[in-house]
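Derivation of every value follows stated rules applied to the coordinates shown; laboratory data play no part. Just so we're clear, the structure is a prediction, and the values are computed from it rather than from any experiment. Glycine gets a Cβ as well: all are built from the backbone with ideal geometry, and neighbour counts include every protein chain shown.
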Amino acid sequence: MADPILSVRDLTVEFPTRHGILTALSGVSFDIMPGEVLGVVGESGAGKSMTGSAVIGLIDRPGRIAKGEIHLQGERIDNLPEERMRGVRGKRIGMIFQDPLTSLNPLYRISEQIVETIRTHLPLSKEAARAKAVGLLDRVGIPDAARRIDDYPHQFSGGMRQRVVIALALCAEPDLVIADEPTTALDVSVQAQIIDVMKELCAETGAAIMLITHDMGVIAETADRVAVMYAGRIAEIGPVRAVIKDAKHPYSAGLMGAIPRMSADLERLVQIPGAMPRLSAIPPGCPFNPRCPHVFDRCLTHRPAASEIEPGRRVACWLYPGVQEA
Amino acid sequence: MLAFIIRRLAQSVLVMLVVALIAFAVFRYVGDPIASMVGVDTRLADQEIMRERLGLNDPVVVQFLRFIGNALQGEFGISYRLQQPVTELILSRLPATIELAFASAMIALIFGVGLGVFTALKPRSPASALVMALSLIGVSLPTFLIGIGLIYIFSVELGWLPSFGRGQVVDLGWWRTGLLTESGLKSLILPAITLSLFQLTLIMRLVRSEMLEVLRTEYIRFARARGLSQRAINFGHALKNTLVPVITITGLQLGSVIAFAIVTETVFQWPGVGSLFINSVQVVDVPVMAAYLMFIALVFVVINLIVDILYYVVDPRLRVGG
Amino acid sequence: MTDITPRAAPGRTRARLLRRALASDIFYSWRRSPVTVIASVVALALILMAVLAPWIAPYDPFNPASLNLMEGFTPPASESAFTGNYFLMGTDNQGRDVLSTIMYGSRISLFVGFSATVLSILIGVSLGLAAGYNGGAVDSTIMRVADVQLSFPAILIALLIFGVARGVIPPNRQESMAVWVLILAIGLANWAQFARTVRGATMVERQKDYVSAAKIMGVHPALILLRHILPNVTGPVLVIGTIGLALAIIEEATLSYLGVGVPPTQPSLGTLIRIGQQFLFSGEWWILFFPGVTLVLLALSVNLLGDWLRDALNPKLR
């Protein structure tokens, strides 16, 4: 088996506040293989975006990585000095943000922003960088790219802007792309196109994708594997097909119930009662215990760690034998 | 672009008309122009003849139109106090005020933007805290006290710089400048600093808060996630976006600098338009007051117009459809 | 009666609880900031000193009978070489005790500052309410005037109003009315900021359902404004009012320094500084220094209080 491109081990992120330390991420571990698409799913506040920010080293102050390691192609990157981390961002890990309307600097032409990024990472002349930029815009599906490259962001529609953002994230040919809710802010009609463009381009360059979304539907169509997050922890991780068909964690089972299906068997949409706890009020034991339909004694006192229960599948739930305590 | 400028021009003309109306009201109804001109000894019949000759018995609208007509030709009557044409007086004092205002605007802009960027980029450094504390004190210090303090330190105690006047000036024919002689430049230092401090703190606080705001935006995060250098992010992306609102405020402040010069010119006995105005207010020299009002309004309107156009040039979003 | 009481009672407790919570929250943030505590103490001391001046001032500096020119230019913390009287802050050229003139001077400065600010608030809040509630032509007229006025420095506008007043008032009454002219000039120069803030808050409030409900029920607009909208703008008005007070004090001092403020027979802090400046070069620094320091302390402490109030009343900034 090949080495993973990204390997995250026991990642813990903390925010010191006036009222004590908040743990935003706790013991998060996962791998991403070259060319693989890992979906990361969960409610807002579950720690999906925080995981992405941690990998690329952009956690907002005063947050900090308190524990754990992040390795990119075998090299540890969570403790790199800022100057060297800068060489990782954009060059080896590209990132796509949620809102294309606010991701681009409104005062600079598209050409200026792409050329600047390319030349930061690749030894190209201005002209060569510009030619590369036009090619890239063309590939992400911007019609008449050679002319439109000199437009300002506000002259593009939302979907077109997100294509520009994808071009920007991929312009230095990174090995991993973190896409943080890349279609959430977009019109439903263009969401699928954007995902396709992103997938196609990454497939061409062989880049792996970490796709963060709250939309199980997108994951089902796009991802190879999926990590379900809850309250800053991984609840379950495994191959997409398997998790959808046979979710092990009661929370993921609830989430999978929320995927609308075209098939005839009208399985009832499962609603998960209650809401995810705030970071300052995570209950002892399993964080999901107040909402869990299968809760029992052990869940209230002992916290489960995401543990392998079948090859390639890890679950943090006491319902399964072999699950270890966190 | 053209439509935009025309609309702005129309608004400016409207503002000028309103100010002209106020100036006219001051000119016409504050005190008795005839009594101020000839003194109280003149016979009533003679006063009445003068009144008629000056058109003071015409309908108000006619008088107002005449006032505007005269103003357009730069004609504001004769100063009661100095018995000279007002326009001539103002023009002879103008270079002093403009040189002072320009020098202090430069100081305010350079240090204001510099310190603002510094405090925004290093919000936790003790130097930033010090600068911020000083700026609050700066806002609370009346301009004239700052001037007096500077005079005490640099003129009385140290004896380095002159405490009043413009020093030696060079007559260029249409402009008497103090910028070409050593004593002129030395005389400019203290008043320019005094006048700049208030605007400096204002610009600094504005740049700081705008920059902090911009640094939190998604596009700065995205720029960071693309691995752009800190330098490119701070000074390329963040600063340019910060400067859009800063241009407006700074531009508008430039007008205030000229008006604020009244105080500074008094402290340093600077022979500019401001001290002319203050002396006129003290003795109710109405023609000078009215003319100064029109002059300041013109300065403001012109600056406003330039700022709007600059805004247009910097921010591409305004160019389309705006 | 009986059916009203139970409804009224919870409302009253709720109001009381709310008030208590607000007060304690504000008190907490006050206590937490040492700068604010110091500023409050300084401001309070200066205000007390000014209010109590006639009773606590060591000398009566404006009673010609008690003045002795021989005592002129006595340095601070020393006794007059001629009379043996002790002067903590020295005396000026006419032998007036600087400490006493400061006490009386702060009295005038504060009186003008407070009155002018109250005037600005009255004008600004009324116009702001009118603009925000009525909208349309009323709104655009008031706000355009406010915009134009805000783009000129307040000091210029005050000077202009002052000049006009001086031309209108007969010369023999000018001295007695100077203080009122000053209040009018500063008050009229500063209303626009209040109007702008109140207008914004009113427009937000006007959209709310309870205002529509009151309108439908035929409640008089004046009552709606007074009962529902005014309470919602008190916070911001208080903040701008405090900072406005500092501004008004500085403006008064500036006008008096320029020689267009209060008459020399009734000197405010600005007048004292104007007088003191004459003696800066001859070495009698104290005549200028102490009034200057008092003015700075007064303006700075009030400004700091305003700054703190803004942060304390704006939960978003916390």
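Once you place label points 7 Å from the Cα toward the Cβ at C:ALA222 and C:VAL148, how far apart are they in nm?
2.9
Please list the non-local residues whose amide H lies under 5 Å from the amide H of A:LEU22, H modeled 1.01 Å from N, same-chain partners needing a gap of 5 or more.
Under 5 Å from the amide H of A:LEU22: A:PHE15, A:THR17.
Taking amide H atoms as placed 1.01 Å from N in the peptide plane, list the residues 5 or more away in sequence, or in a different chain, whose amide H sits under 5 Å from that of C:ASN85.
Sorted by chain and number, the residues that satisfy this are C:SER80.
Could you work out, residue by residue across B:276-287, how many beta carbons of other chains sit within 10 Å of that residue's beta carbon, and then give the average as an integer? Intermediate values should be presented prior to the final figure.
On the way: counts 0, 4, 5, 2, 2, 11, 6, 2, 8, 2, 3, 0.
Going residue by residue through B:276-287 and averaging, the value is 4.
If you take the alpha carbon radius of gyration of chain A and divide it by 2.2 N^0.38 Å, what ratio comes out, to two decimals?
It is 1.03.
Taking a spot 7 Å from the Cα of B:PHE4 along the direction of its beta carbon, which residues of region A:149-170 have an amide N less than 18 Å from it?
A:151-156
For a quick check of your reading of the filter: which chymotrypsin sites (Phe, Trp or Tyr not before Pro) in region B:135-164 sit in a DSSP loop and have no more than 10 other Cβ atoms within 10 Å?
Sites meeting the loop and neighbour criteria: none at all.
Let a ≥ b ≥ c be the square roots of the eigenvalues of the Cα gyration tensor of region C:220-318; is it rounded (a/c under 1.5), or, if not, prolate (a/b larger than b/c) or oblate?
Here region C:220-318 falls in the oblate category.
List the trypsin sites (Lys or Arg not before Pro) within region B:71-174 that fall in a DSSP loop (any state other than H, G, I, E or B) and whose Cβ has at most 13 other Cβ atoms within 10 Å.
In loop regions of region B:71-174 (DSSP not H, G, I, E or B), the sparsely surrounded trypsin sites (Lys or Arg not before Pro) are B:ARG124.
Which peptide among B:286-294, C:208-216, C:239-247 comes first, and what is the full order, when sorted by highest mean count of other Cβ atoms within 10 Å?
B:286-294, C:239-247, C:208-216
Summing -39500 (n - 2.57) over the DSSP H runs of n ≥ 4 in chain A and dividing by its residue number, what mean residue ellipticity at 222 nm do you reach, to the nearest 500 deg cm²/dmol?
The helix contribution divided over chain A gives -9000 deg cm²/dmol.
How do the peptides C:166-174, B:108-116, C:44-52, A:315-323 rank, highest first, by the average count of neighbouring beta carbon atoms within 10 Å per residue?
Highest mean packing first, the order is B:108-116, A:315-323, C:44-52, C:166-174.
Based on the mean of other Cβ atoms within 10 Å per residue, sort peptides A:288-294, B:296-302, A:273-279, A:250-256 so the most packed one is first.
A:250-256, B:296-302, A:288-294, A:273-279
So which trypsin sites (Lys or Arg not before Pro) in region A:8-53 end up in coil per DSSP with only 10 or fewer other C-beta atoms within 10 Å?
Values: sites: A:ARG9, A:ARG18, A:LYS48; in loops: A:ARG18.
Those satisfying the criteria are A:ARG18.
Taking amide H positions as placed in the peptide plane 1.01 Å from N, state which residues far from A:ARG89 in sequence (5 or more) or on other chains have amide H under 5 Å from it.
Residues meeting the criterion, in which the H sits 1.01 Å from N, do not exist here.
For a test of the definition: using alpha carbon positions, the gyration tensor, and the 1.5 limit on a/c, classify region A:71-224 as rounded, prolate or oblate.
On the way: a/c = 1.64, a/b = 1.02, b/c = 1.61.
In terms of gyration-tensor shape, oblate.
Please give the length that would be gained between B:ILE78 and B:LEU212 if that part of the chain were fully extended, namely 0.36 nm times their separation in residues minus their C-alpha to C-alpha distance (nm, one decimal).
So the extension gain works out to 43.0 nm.
Give me a single rounded figure for A:83-92: the average over its residues of other chain Cβ atoms within 10 Å of their Cβ.
3
Spin-label point model (7 Å from Cα, Cβ direction): what's the B:GLU52 to A:THR205 distance in nm?
Each label point lies 7 Å from its Cα, and together they span 9.2 nm.
Measure off 7 Å from each Cα along the Cα-to-Cβ vector at A:GLN155 and B:ILE249, then give the distance between these two points in nanometres to one decimal.
Output for this residue pair reads 3.1 nm.
With N residues in region B:91-284, what two-decimal value do you get for its Cα radius of gyration over 2.2 N^0.38 Å? Could the numbers behind the result be given before it?
Working: Rg = 19.4 Å, N = 194, 2.2 N^0.38 = 16.3 Å.
Relative to the 2.2 N^0.38 Å estimate, region B:91-284 comes out at 1.19.
Count, for each residue of B:133-142, the Cβ atoms from other chains sitting within 10 Å of its Cβ, then give me the mean as a whole number.
Mean number of neighbouring Cβ atoms from other chains: 5.
Which value, to two decimals, describes the C-alpha radius of gyration of the protein assembly as shown once divided by 2.2 N^0.38 Å?
1.18
Between A:ARG147 and A:ALA131, 0.36 nm times their residue separation minus their Cα-Cα distance comes to what?
Extra length from A:ARG147 to A:ALA131 when fully extended: 4.6 nm.
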